[in-house]
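Working notes for the structure below.
The values are calculated or read from the model by the stated rules, or taken from the named source; none is laboratory data. As the structure is a prediction and not an experimental result, all values here were calculated from the model. Positions of Cβ are backbone-derived with ideal geometry, glycine not excepted, and every protein chain shown enters the neighbour counts.
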Amino acid sequence: MPPGRDEKLDIFFQPIHEAASTIKSFIKKGLFIRVYCHHDADGVSAGGIIGRALGRLGADFRIRVWKQMDDLLLKDLASESPSPCIFIDLGGGYLDIIQEYLKDVNVIILDHHEPSGDPFPSLIHANPHLSGLDGAREVSGSGVSYFVAKSLDSKNVDLSCVAVVGALGDLQDKNEERELKGINATIVRDGIDANVLAVEKDLLFFGRETRPIHRALSLTTNPFIPGLSGHEDQCLGFLVNLGFQLKDGERWRTLAELSKDEKQLLFSKLVEYIVESGSSNSSPLELIGKVYTLIREDKLTFLRDGREFSSLLNACSRTQKTGLALAICLGSRGSTLHEAEAAVEEYRRTLAKYLDWAASDQGNVEETDFCYILRGEKVVDERMIGSVSSILVASNILNPSKPLISIALTEEGMIKVSARASTSLLEKGLNLGTIMQKAAELVNGRGGGHDVAAGALIPVGSEDPFLHETMILLKEVLG
Amino acid sequence: MTDRVQEAYVVIMCDGAGEAESIVSAISPDNIVPGDDLIVDTWNEDREVRCVVSCRRGLRSLISTLDDILLSVKIADNTLQSIQKDV
């Protein structure tokens, strides 16, 4: 008989408690702890949680932010003295090479990605997949790290809000009303009980705490509102026509400052607008959902709203300022936050430049029978290709009946592939993760991911056979 | 690119030797710069963070590098203070 939910949870929490007690023994012995976290929003949130938990225990430690588990990192670690290593939000899929380089080192992995490889005696691996739980929706890397921190000291429940930021950054809110569910819901409850988090149902505009309302509306692409998404002037006109007071003195008001009545009016007018526009891609109900507010952060800053916080971390990561993102998660504010805000603007400008290029009528997006192809090798930064693809698919620029396969060149001289599709294609049984995995393996690359968002890393020169195989696999599902 | 080497030597006083060591450890990955026309070396001596930048890329590049280093030191210092406050 397969294990029930309670049993799965018991199995999930066992290595978490083991990791916590092992970390305590490291500290007691005065060992130097080497921590490596993944560079995305979830990874740096997780790094921040473990860093703060270690700091509170007076541990001697170092945290580095890393793009991916690779030989370079492991060789470097193996060349140092063999002190314990903690890998956060990375490593679970690389057990074999970790064992090869670090078999005599105490290794703790706190991850939520699909595991691959065999465990080894000096390894503690906490990962929802090992207990049959969903690592894409139930709990993220920062969630796993949070439970280790909580097991280290129950006072660390105040870090639950950082774990919520990580989960939102990992898009674990792919549920009705964009709600965090499963194990994530336990973290949310801890946050509310610890008085660090508030949850309410509200309009889900992007930039609700920091952007003028018309700009927040124009930046909202999920759902995509034809004529408003991406059109700041039109949004301004829309709101002015509704009679909204958009300024408080000289300062633009934000969505978070609107009264309940104003929000209700705005929602009902947006519903009317979407219905009248006849857009089949936009459901007005997607405008409403759970909003996670970090109530101890200052109002009208990027850190107050969980999704904006995660977007700030994401922007730092994409602009190669991962140290800033980690510093924020470790609690640094003031000039650190100002620098991170500047990174958001840099990220937005670069993204806009790439989107302009992709959407220009010079055939940069090639349409084939079963997908679109964006060849960005010489133009788009590898760190941005995923974001560019997601926005293009969420917009109404492309036909939602075809996925988008985008390509960029990495610093290491490999080809990075990002595949994105509209959720409407799930009905046809599309799973881009499987397709990327199969097509990448055919050309000696690695691929995988989720059903509507996946990726691959393949050798330069293998693009054509890779794309050919992708087409065949797509035809089987969509043809 | 110019053949002329421009160098800057920076000394930052910290409150303690541990703090100086932590800051150097935090910013040391920034020492790795591709090419030999820009070399950054950072180390700590007692309570001081010391840094030498040698640059053949022109004065503007030298100033940008110094800006980056000082910013990294500032962020590292802020973060250390926030962790210490957290304990």
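What the table below lists for this structure:
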quantity: Enumerated strands (runs of 3 or more DSSP E) restricted to the range A:368-473, each holding at least 2 residues that are closer than 30 Å to residue A:225 by Cβ; calculated: A:372-375, A:404-409, A:414-420, A:453-459
quantity: Cβ-Cβ under 8 Å pairs, at least 6 apart or on other chains, the range A:28-49 side assigned by TED's automatic domain parsing to the domain that holds residue A:383, far side in a loop (DSSP other than H, G, I, E, B) and buried (at least 24 other Cβ atoms within 10 Å of the Cβ); calculated: none
quantity: Pair list, Cβ < 9 Å and 6+ apart or interchain, from the range A:1-19 residues that are more than 18 Å from residue A:122 (Cβ to Cβ) and in contact (Cβ under 8 Å) with a residue 40 or more places away in the chain to residues that are of a type in the set (S, T, N, Q) and outside any helix (DSSP H, G or I); calculated: A:12/A:127
quantity: Failed item in (1) more than 14 Å from every other protein chain (Cβ to nearest Cβ); (2) crowded, with 16+ Cβ neighbours inside 10 Å; (3) of a type in the set (S, T, N, Q); (4) in a helix (DSSP H, G or I), with residue B:64 passing the rest; calculated: (2)
quantity: Test: residue in the range B:5-13 that is surrounded by 12 or more Cβ atoms within 10 Å (Cβ to Cβ), more than 26 Å from residue A:63 (Cβ to Cβ) and away from chain A (no Cβ under 12 Å); calculated: yes
quantity: Condition broken by residue B:37, with the remaining ones in (1) surrounded by fewer than 16 Cβ atoms within 10 Å (Cβ to Cβ); (2) of a type outside the set (Phe, Trp, Tyr); (3) under 25 Å from residue A:411 (Cα atoms); (4) away from chain A (no Cβ under 14 Å) satisfied; calculated: (1)
quantity: Residues of the range A:54-76 that turn out to be more than 14 Å from chain B (Cβ to nearest Cβ), surrounded by 14 or more Cβ atoms within 10 Å (Cβ to Cβ) and in a helix (DSSP H, G or I), as a count; calculated: 1
quantity: Which listed residue, of A:297, A:308, A:250, is at pLDDT 90 or above, surrounded by fewer than 21 Cβ atoms within 10 Å (Cβ to Cβ) and within 25 Å of residue A:199 (Cβ to Cβ); calculated: A:297
quantity: Tally of residues being among the charged types (D, E, K, R) and either farther than 23 Å from residue A:307 by Cα or within 12 Å of chain B (Cβ to nearest Cβ) (or both) across the range A:37-53; calculated: 1
quantity: Within the range A:294-331, considering residues that are assigned to a loop (DSSP other than H, G, I, E, B) and closer than 18 Å to residue A:149 by Cβ, the one farthest from the other protein chains (Cβ to nearest Cβ); calculated: A:296
quantity: Candidates A:130, A:168 - the one that is out of contact with any Pro (no Cβ under 9 Å at 6 or more places or on another chain), modelled with pLDDT of 95 or more and in a helix (DSSP H, G or I); calculated: A:168
quantity: Among (1) surrounded by 15 or more Cβ atoms within 10 Å (Cβ to Cβ); (2) small (Gly, Ala, Ser); (3) more than 20 Å from residue B:83 (Cα to Cα) - the single one residue A:25 does not satisfy; calculated: (1)
quantity: Tabulated pairs, the range A:395-423, first farther than 12 Å from residue A:459 by Cα, second assigned to a loop (DSSP other than H, G, I, E, B) and β-branched (Val, Ile, Thr), C-beta under 6 angstrom, 6+ apart or interchain; calculated: A:421/A:452; A:423/A:452
quantity: Residue within the range A:145-157 that is within 18 Å of residue A:40 (Cβ to Cβ) and in a helix (DSSP H, G or I) present; calculated: yes
